[in-house]
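Working notes for the structure below.
The values are calculated or read from the model by the stated rules, or taken from the named source; none is laboratory data. Nothing here was measured: the structure is a model prediction, and the numbers come from that model. Positions of Cβ are backbone-derived with ideal geometry, glycine not excepted, and every protein chain shown enters the neighbour counts. SASA here: full protein model, heavy atoms, side chains in, ligands and nucleic acids out. Shrake-Rupley method; radii C 1.70, N 1.55, O 1.52, S 1.80 Å.
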Amino acid sequence: MELVLSKWVSAFLFCSWLIFPPVYSVVGLHGDTKVRAVNLGGWLVVEGWIKPSLFDGIPNGDMLDGTVVQLKSVTLDKYVSAENGGGANVSVSRDAASSWETLRLWRVSETEFHFRTSLGQFLTCDGGDGCFISATAVSPSTSFFVERNNGRVHIKTMSGTYLQTTMANQLVANYPGKPGWDDNAATFEMTIVANNLHGDYQLANGYGHNKAKAVLKRHRNSFITIGDFNFLSRHGINTVRIPVGWWIAYDPDPPAPFIGGTLEALDNAFSWAQSYNIRCIIDLHAAPGSQNGMEHSASRDGSTDWPTPDSISQTLHVIDFLISRYARQPALLGIELLNEPSAATVPLDSLVSYYKQGYEVVRKYSSTTYVIICQRIGNADPLELFQADIGSHNIVVDLHYYNLFDNYFVNMSPTDNIQFIYKSRETQLLALNSANGPLVFIGEWVNEWNVTNASQTDYQDFGRVQLEVYNAASFGWAYWTLKNDRPHWDFEWNIRNNYLRLSSSPNIRNVNSLVSLVLLFYLHHIL
């Protein structure tokens, strides 16, 4: 009988281990085992799609930094073209517009701009009046003034001479006098192809320093308040992930055009967090030069200029500033060294080298602060960071899970989306949890998808399944984001309107039923 009972107990314990996987504990959380976090997106790093009203007062607001334009001569009926993408004289010779005919704006003022080609050169006019326009400058040296009349524009040099096209398909600064808006050689049709960047750079440079300072001060003081920390605490959130930009290290007078004030707001967040036993993860969302070309990395025109030796050195300085300032703050849980570096433009070896150096910087000031390293976005395998020897302890890999931003998810039904979470995400998480490496953090996810006309029940099911699966991540998860003008991205809206139910997301499905089945099986087959 003893032998039978011993076998039964061993088998029961084994099956219990299968049903109840190991529980990871994140050191520093107040009585909790894992991070249950919400991102404070759109607060200290501007993202216009989160808070588009911030941009409403900018004059010529459809011509911000990074706006993509095409110019077509009304007399030749042909497009202005930087031949070969740049490096030669500009022509007006193309019947159709593609990359050579696409220019990006660098805004100097409401009416003054630089034009940048697809390969990164700038249009220039070096010979004074009568000069031919070329796309050969490696830095912006020539400003052009743009005069608008509906979809038509005139382009004027600093000396006051207007650009015109010649019958030889050239672009020359020699139009005599002031052109009218009829069909003449100095008049162009301007098409705004894209105006997608609405970040800190566009806001500050669009308004100008004084107006931008007033707009951002009002936003930072009202968008997130102590009341939000009260709300998060009451709904079981134990951590906030706070995106910041590199210019925070130079507060209160950061380099132009960035606006100071984020450091004071971050100090407030730590104070509020401590009041409600909430921990803080500081997330470097925008690095010098931009690590992904997106608005949330404060890219000026969509280009990625990180990493270079100078930008990496400057980024490490920012990490040093942040950890030295907050290492002794009781609310600090972790420092995320960089958000969403682009796989297309950031080489893995450069990123790993930076992560190793960033780890050492954090460890100079703290032996316990979690160092979080973010997976590259795009075509990148998260295992690439698990195989890198970043540091010895308290390392976390951040994965971002969205059923969006990829054609793969287009036309998926609610059931398809849910099955993808189980089959792909859960499988990956279990594999990474069992890997001999860093902890796993789902640092961004959202209760939104590409499904149209989804019901409230569909959203509840999608949210429940994500919580169920992401709860398995060994470090925890963070919802993107607390507040958003788009309701289903808005954590607060989801909670208040019962689209997301935090209390109905157990880690284990049907635990009682499984335990009962195991007991019955072994009672029948062993006893």
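Length gained on full extension, Ser424 to Ile226: 67.5 nm, using 0.36 nm per residue less the C-alpha separation. Simple spin-label estimate for Ser99 and Leu383 gives 3.2 nm between the two label positions (7 Å along the Cα-to-Cβ direction from each Cα).
How many percent of DSSP beta bridges within the chain run antiparallel, rounded to 5? Intermediate results must be reported in sequence, preceding the final value.
Values: 37 of 72 bridges.
Here the share of antiparallel DSSP bridges comes out near 50 percent.
Can you work out the FRET efficiency for the pair Asn436 and Ser313, with r the C-beta to C-beta distance and R0 = 45 Å, to the nearest 0.05? Numbers along the way, then the final one.
Values: r = 32 Å, r/R0 = 0.72.
Efficiency, from the Cβ-Cβ distance: 0.90.
Going down the table (Lys72/Lys156; Lys356/Lys423; Lys72/Lys213), which pairs top 26 Å between alpha carbons?
Working: Lys72/Lys156 16 Å; Lys356/Lys423 33 Å; Lys72/Lys213 37 Å.
Among Lys72/Lys156; Lys356/Lys423; Lys72/Lys213, the Cα-Cα distance tops 26 Å for Lys356/Lys423; Lys72/Lys213.
Here volume of the Cα convex hull per residue in Å³ was calculated from the structure, and among (i) 171; (ii) 244; (iii) 153 it sits at label (i). Taking Cα centre as origin and charging only the Cβ of basic (Lys, Arg, +1) and acidic (Asp, Glu, -1) residues, the dipole magnitude of the chain rounds to 1140 debye.
Taking label positions 7 Å along the Cα-Cβ direction at both Arg328 and Tyr408, the computed distance is 4.7 nm, reported to one decimal. Its relative contact order, with pairs defined as Cα atoms under 8 Å and 6+ residues apart, puts the chain at 15 percent. If R0 is taken as 60 Å, the Cβ-Cβ distance between Val27 and Glu112 corresponds to a FRET efficiency of 0.65.
Counting only DSSP H runs of at least 4 residues, each contributing -39500 (n - 2.57), and dividing by the residue count of the chain, the helix-based mean residue ellipticity at 222 nm comes to -9000 deg cm²/dmol. Restricting the calculation to alpha carbons of segment 57-97 gives Rg and Dmax of 13.0, 38 angstrom. Pairs of Cα atoms nearer than 8 Å and 6+ residues apart set the relative contact order; for segment 67-194 it is 27 percent. With both labels modelled 7 Å from their Cα along Cα-to-Cβ, the Met167 to Ala214 distance reads 5.4 nm. Between Glu83 and Asn497, the contour length at 0.36 nm per residue exceeds the Cα-Cα span by 143.6 nm. For the chain, carbon and sulfur atoms together expose 50% of the accessible surface, with a 1.4 angstrom probe and every protein chain in place. When Rg and Dmax are taken over the Cα atoms of segment 437-481, they come to 12.1, 41 Å.
Averaged per residue, what accessible area in Å² does the chain show with a 1.4 Å probe, protein chains only? Write down the numbers at each step before the final one.
Details: 22310 Å² over 527 residues.
Result: 42 Å² of accessible area for each residue.
Pairwise Cα distances in segment 163-247 exceed 19 Å for 67 percent of all pairs.
Over the Cα atoms of segment 67-194, what is the Rg over Rh ratio if Rh follows Kirkwood? Walk me through the numbers before you get to the answer.
Details: Rg = 12.8 Å, Rh = 14.0 Å.
Rounded to two decimals, Rg/Rh equals 0.91.
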